[in-house]
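Contents: one structure, followed by commentary.
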Amino acid sequence: MAEKKKFQAIKGTRDLLPPETELWNRVEQTAREVFGTFGFGEMRPPIFEPTELFARAVGSRTEVVGKEMYSFDPAKELFAVDASLDAYPSPELTENIGESVYRIKDAFDKGDIPRTEENQQKVANLLFIFNQLKELTQNLPQEFQQDSAEVFSEYRTLVDKCRTMASLIRLGNVSISLRPEATASVCRAYIEHGMHALPQPVKLHYTGPMFRRERPQKGRYRQFYQIGAEVLEMVPPNQDPAKNITKDAAVDAEVIEMVMAFFARLGLEGVKLEINSIGDRECRPKYVELLRAELMKVKDKLGPDSQRRIETNPLRVLDSKLESEQGIIAGLPRITDHLCANCAAQYAEVKRQLGMRGVAYAENWRLVRGLDYYMRTTFEITARGLGSQNAVCGGGRYDGLVELLGGPPTKGIGFAIGEDRLILSLQEAGRGGAAQGRDVFVAWMGERAQATAITAAQKLRAAGFRVELPPVEQKFGKALGQADKLGARYALILGDDEIATGQWTVKTLASGEQAKMSEPEFLELLRRSKPLSS
Ligand code: HAM
C-alpha cells in the first residue's frame, strides 16, 4: 500500500492560528488607527515584482537581494528538453519537444513573452517546424536500419531547427521575485501613479508578508510579516535639496515618534530606539575609503566575513557580532565625526526634534543597516524577550531612491516593523490577549427549542456577540461541559419549559449562578457586560 504522505509547512514558514490571530488583527488594527492619526493612508502593493526593481533599489550586492530572494524566471525553463530522451529519435522525444513548444506559445499568448511582431513570426515558425517534426515522427521506423538513416538525419535536423528557433525568440527580462521588503514597491507605485502630482508629502503604510531565504530561527522566518510606512516628497525643480534641513529633520522625527506611539499604545516592553546618520553621497564615500584603509591595517585580525567585506562593503564590518572583532571595531573612525556640514546639521536637528517630542533615543554610530538605499538618518528599535533577533523595527531616510527608479527627484523616509517579532515580544510580556472564547453557548433540546435557539443566535450575533450554536441537540450536562471548554461566559438553556413560559434559563459559567429571564432582559445583561469581541 502506498505510504500516506504527511505534508508540513515549508521550513521558515508557519501557520498563524486562532486565538493568536486575534492578537495579529488587534496589532494591525492599532497600526491603522495610530498611523491614520498621523495622516497616513493604507496601500497594498503586490507580493511579487520584477527582480530588477529590488536589485536596483535595495542593491544587487546586498545579502537580501544577492542571496535571499525567491526569484523565478519563467522564460528560462521554456524550452527544456529532457536530456535522457534527446540522444535518439523517438515519439517520446517529439512529445517532450511539443510540450516546450506549446509552453512557449502559451507564454506568448498570455503576454509573458513580449508580444512583438518579430516574436509572433518566430513562434509561428516554431510551430510550423514542430508540425513537420510531428509528421515525420509517424514515419519513424521502430528500430534503426541502414535504409532509415536518412529519416533519422532529417528528424535530427528538425529537432535542431526547433531549438534554434526557440532560442531566437526574445524572452525579455521577465524574472520576478517575491518581495523581500516593500519600500521598493512603494517607490515604484509612487512613480507609476504619478503621486508627485498629489499634495506632498505622500504618506503611505502597508502590512503584509515578505520573503527572505534566511536561516530560520526564533524571530527569523522565510515568510515573515512587516508593518511599514513611508513618507515621499518630490523636490520641486530648482530647489536645493540641502536647503531643507530643518524640515527633513522634523519629518524624520515625526516618523520615529509615530512608531514609538504605536509601540506605546500596544504596551510593548523594553523598547529601545537607536539612531545614527550615515551621511550622503558627498561625505559617505570619503568615510568608506577611510574606513577601508583603516580596516586594511588590521585585516589579519579580522574573521573571514569581515575580511571579505573590506572589499565589498566595509560599512557592514561595523555590524559584526564576532566577539574577537569588537575591540578592533571600537577603535575605528566613526562616521559621525566625518559628516559633511549639511549631514551634521540635519543629524543635530533630528536629535533636537526628537527631544522636543519627548522621544528617548541612544546614538549608535555602528548602525549602518543592510540595504543600499539609505542616507543620513537611520534607526533601529529593539524590544524585550526576543533573544538574538531583537530588532523589531528598522528604517531610515532614502532621498534619491525614487529618482534611481526613474522618477522625479524625491525625498523619502520610512520604516518597517517585523510583525512576527512584535507579536512574540507582546506574548512574552503576557499581552497575548484572551483566548477566543464565546459570549454565549446556546444549549437547546427539542425541535421547538431549536427554532428559538436559531433566532436567538441570529439576534445575538447581529448585536456583535460571539455565539456557539450546536448543530444537533445535546443533553444539557454535555452541552454545559462544552460551553466550559470553549470559555463561554453564559450558557443560554432552552428546553420545553423555557419555550412554554418565554422565560429563558441563563447560567453564568464563571460563578455557576443560574437565573430565569426574558429575551430582552438577557440582551440587556449581555450589553451591560462587555462583549468578548470588543
Ligand atoms: P529591514 O531592517 O530589512 O528593513 O527589516 C525591517 C524589520 O523586519 C526588521 O527589523 C525585522 O524586525 C523584520 N525582519 C526582517 N527580516 C526578517 C525575518 N527573516 N524574519 C522575521 N522578521 C524579519 C526593511 O525591510 C526596510 N524596507 C525598512 C524601511 C522602510 N526603510 C525605509 N522604509
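The values are calculated or read from the model by the stated rules, or taken from the named source; none is laboratory data. Every value quoted in this text rests on a predicted model; they were computed, and no experiment measured them. Cβ placement follows ideal geometry from the backbone for every residue including glycine, while neighbour counts extend to all protein chains displayed. Heavy atoms of the whole protein, side chains included, go into the accessibility calculation; ligands, DNA and RNA do not. Shrake-Rupley method; radii C 1.70, N 1.55, O 1.52, S 1.80 Å.
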> Can you pick out the pairs among K301/K321; K247/K272; K475/K507 whose Cα atoms lie more than 18 Å from each other?
Replying inline: K247/K272
> What do you get for Rg/Rh of the range 282-350 when both radii come from the Cα atoms and Rh is the Kirkwood radius?
Replying inline: 1.02
> Which order do F7, F379 take by accessible area at a 1.4 Å probe, largest first?
Replying inline: F7, F379
> Summing Lys, Arg as +1 and Asp, Glu as -1, what charge do residues with Cβ under 12 Å from the Cβ of A510 carry, A510 excluded?
Replying inline: 0
> Taking only protein heavy atoms and a 1.4 Å probe, what accessible area per residue, in Å², does the chain have with all protein chains in place?
Replying inline: 52 Å²
> To the nearest 10 Å², what's D337's accessible area with a 1.4 Å probe?
Replying inline: 120 Å²
> How big, in percent, is the set of alpha carbon pairs in the range 436-534 lying more than 21 Å apart?
Replying inline: 21 percent
> Over the range 53-134, one equal point on each Cα, no solvent: what is log10 I(q)/I(0) by the Debye formula at q = 0.10, 0.14, 0.25, 0.26 Å⁻¹?
Replying inline: -0.39, -0.64, -1.13, -1.18
> Starting at 0 and stepping by 10 Å, how many percent of the alpha carbon pairs of the chain end up in each bin?
Replying inline: 3, 14, 18, 17, 15, 14, 12, 6, 2, 0, 0
> Over all Cα pairs of the range 95-135, how is the pair count split among 10 Å bins, expressed in % and running from 0 up to the last occupied bin?
Replying inline: 31, 54, 15
>> Can you give me the % of accessible surface on the chain that is carbon or sulfur? Probe 1.4 Å, all protein chains present, nothing else counted.
In response: 51 percent
>> Just to check I understand the Karplus step: with θ = phi - 60° and J = 6.51 cos²θ - 1.76 cosθ + 1.60, what whole-Hz values come out for the range 42-53, glycine and proline as x?
In response: 7, 10, 10, x, x, 7, 10, 9, x, 3, 4, 4
> How many percent of Cα pairs in the range 379-496 exceed 26 Å?
Replying inline: 54 percent
> What FRET efficiency, computed as 1/(1 + (r/R0)^6) with R0 = 22 Å and r the Cβ-Cβ distance, is obtained for Q474 and S518, rounded to the nearest 0.05?
Replying inline: 0.35
> With labels modelled as points extended 7 Å from the Cα through the Cβ direction, what inter-label distance (nm, one decimal) is found for K299 paired with E118?
Replying inline: 4.6 nm
